[in-house]
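Step one of this worksheet: look at the structure below.
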Amino acid sequence: METRLSRSDVLVPAGLFALGALELSQLRVDGWAVGIVIEAVAALLLVWRRRVTLLACSAAGLVLMVMPWVGPAMDEPATPILFVFLICYSLGRWIEDLRGLVGIGILLAMTLVNYVGVDARDHDITDVVFVAALSLPPWFFGRMMRRLAVQSEQLARQAELLREEAVRAERDRIARELHDVIAHSLSAMVVQTAAAEDLVRTDPDRAAGLLASVAATGREALTETGRLLHLIRDDADELGLRPAPGLREVPRLVEEFRAGGLDVAAALDLPDGPVPAAVDVSSYRVVQEALTNALKYADGPVDLRIDSSAGELRITCANRAGAARADGAGLGLQGMAERVAVLGGTLRHGLSDRAFSLDVAIPLGEAAP
């Protein structure tokens, strides 16, 4: 229920009253001045037709039907018919259930009283058809307009829910991207800095090289993080610093980890042709997360394999787990699992005899779920 009157709430009844007053003042039939007063009261009641529909419309109908008793006959002016249209339409449009038929019944009952009490003409079935044609079509039209309005509101709510869901999904995707970038970069920087601390006195040149690698990793992390933050506030990606990484950047990624001190044995059978964009960037992130975990936890060489045969991309990573485990919340593995599941793939991992293995399979077809 609305708490404030709108402009149409006032203007429509006011327009009907102005038309009715002009008509009666021109006709100058018996009781025309009283008729103007009656139409003014009916118009005033109809101002509230949306807030208290049944009461306002029923009262306006009763007032209007008093006109033949104290003013001009109903068959002389035509404007009262427009009042009846508005009353019946409002009873169908602004009442949720069928209670509007009560108002229609009151209007029809008063019309019958007028026919019997003050109308001296002979009446037959044509009068019943006439009265029904005045009252029922506007009511049905009002019901139809109400149903269309309700459907429009439902569609608007559904569209808003879809928009909110899309925003949440995009934020989740960007959150996973940020986690992958930051976790990889910080892990590499921590390991390289610790190695540089050990070498700063015994091998200053090598320590300086490691510190330069730390700075380069930090700059790259800032660049990638900036790109993702621009995605959040720039839907068109006009400010994106570079395209999202993909499988073609995996060899460079492996070399970066090797430069950071990780012993990686890589067998990379990358797809010859283009792959779906989601598979491309997600596969890169899976490899990045796998090598980041190996950098933190591995004790010895890491065996990384990528195979793109049989219509799927297979990523396997195995390494011996170190005795000392760094603290972790498991968000990396969870993020990988979510990425792979969205693409219709599978992810398996486990630790057996201090050997950690990761096995990921992602369909390469565009029709993957």
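Every residue, every condition in (1) over 22 Å from Ala298 (Cα atoms); (2) part of a helix (DSSP H, G or I); (3) among the acidic types (Asp, Glu); (4) modelled with pLDDT of 80 or more, yes or no:
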{"position": "Glu177", "(1), (2), (3), (4)": "yes, yes, yes, no"}
{"position": "Ala188", "(1), (2), (3), (4)": "no, yes, no, no"}
{"position": "Asp198", "(1), (2), (3), (4)": "no, yes, yes, no"}
{"position": "Ala215", "(1), (2), (3), (4)": "yes, yes, no, no"}
{"position": "Arg219", "(1), (2), (3), (4)": "yes, yes, no, no"}
{"position": "Glu224", "(1), (2), (3), (4)": "yes, yes, yes, no"}
{"position": "Val250", "(1), (2), (3), (4)": "no, yes, no, yes"}
Given the condition of a type outside the set (Ser, Thr, Tyr), more than 30 Å from Ala341 (Cβ to Cβ) and at pLDDT 80 or above, answer yes or no: does some residue in the range 157-172 qualify? no
Enumeration of residues in the range 86-102 that are crowded, with 18+ Cβ neighbours inside 10 Å and over 14 Å from Arg143 (Cβ atoms): Leu86, Ile87
Among the residues of the range 38-67, which ones are closer than 15 Å to Gly15 by Cα and free of Cβ contacts under 8 Å to residues at least 12 places away in the same chain? none
So how many residues does the range 7-32 have that are assigned to a helix (DSSP H, G or I) and either in contact (Cβ under 8 Å) with a residue 24 or more places away in the chain or not small (Gly, Ala, Ser) (or both)? 17
The range 258-302, residues that are over 20 Å from Leu210 (Cα atoms), crowded, with 16+ Cβ neighbours inside 10 Å and charged (D, E, K, R): Asp280, Arg285, Glu289
Leading residue by the ranking (least open to solvent (accessible area, probe 1.4 Å)) among those in the range 33-59 that are in a loop (DSSP other than H, G, I, E, B) and of a type outside the set (Val, Ile, Thr): Arg49
Sort out which residues of the range 129-152 are surrounded by 15 or more Cβ atoms within 10 Å (Cβ to Cβ) and either among the acidic types (Asp, Glu) or touching a residue at least 24 places away in the same chain (Cβ under 8 Å) (or both), and write them in order of number. Leu134, Ser135, Leu136, Pro138, Trp139, Phe141, Gly142, Arg143, Arg146
Test result for Phe83, open to solvent by 10 Å² or more (accessible area, probe 1.4 Å) and assigned to a helix (DSSP H, G or I): no
Could you list, in sequence order, all residues of the range 189-223 that are exposed (fewer than 13 other Cβ atoms within 10 Å of the Cβ), among the charged types (D, E, K, R) and under 50 Å from the mean Cα position of the chain (by Cα)? Arg219
Cβ-Cβ distance below 6 Å, separation of 6 or more or different chains: which pairs start in the range 254-275 with a residue that is in contact (Cβ under 8 Å) with a residue 12 or more places away in the chain and end on one that is open to solvent by 50 Å² or more (accessible area, probe 1.4 Å) and outside any loop (DSSP other than H, G, I, E, B)? Asp263/Pro301; Val264/Arg258; Ala265/Pro301; Ala265/Asp303; Ala267/Arg305; Asp269/Asp307
Going through the range 254-268 in order, the residues found to be touching a strand residue (DSSP E or B) at 6+ places or on another chain (Cβ under 8 Å) and not in a helix (DSSP H, G or I) are Leu262, Asp263, Val264, Ala265, Ala266, Ala267, Leu268
Requiring at least 1 residues that are of a type in the set (Lys, Arg) and either loosely packed, with under 15 Cβ neighbours inside 10 Å or at pLDDT 80 or above (or both), the strands (runs of 3 or more DSSP E) wholly within the range 305-369 are 312-321, 346-352
Pairs under 7 Å by beta carbon, first residue more than 17 Å from Met65 (Cβ to Cβ) and part of a loop (DSSP other than H, G, I, E, B) in the range 88-113, partner open to solvent by less than 70 Å² (accessible area, probe 1.4 Å) and modelled with pLDDT of 90 or more, six or more apart or different chains? Trp94/Arg49; Trp94/Arg50; Trp94/Thr53; Ile95/Thr53; Ile95/Leu54; Arg99/Leu54
Which of the residues belonging to the range 93-119 are over 16 Å from Leu55 (Cβ atoms) and of a type outside the set (Val, Ile, Thr)? Leu98, Leu108, Ala109, Leu112, Asn114, Tyr115, Gly117, Asp119
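The values are calculated or read from the model by the stated rules, or taken from the named source; none is laboratory data. This structure is a prediction, so every number in the text was calculated from the model and none was measured. Note that we place each Cβ from the backbone using ideal geometry, even for glycine, and neighbour counts take in every protein chain shown. Just so you know, the surface numbers come from the protein's heavy atoms only, side chains and all, with ligands and any DNA or RNA stripped out. Shrake-Rupley method; radii C 1.70, N 1.55, O 1.52, S 1.80 Å.
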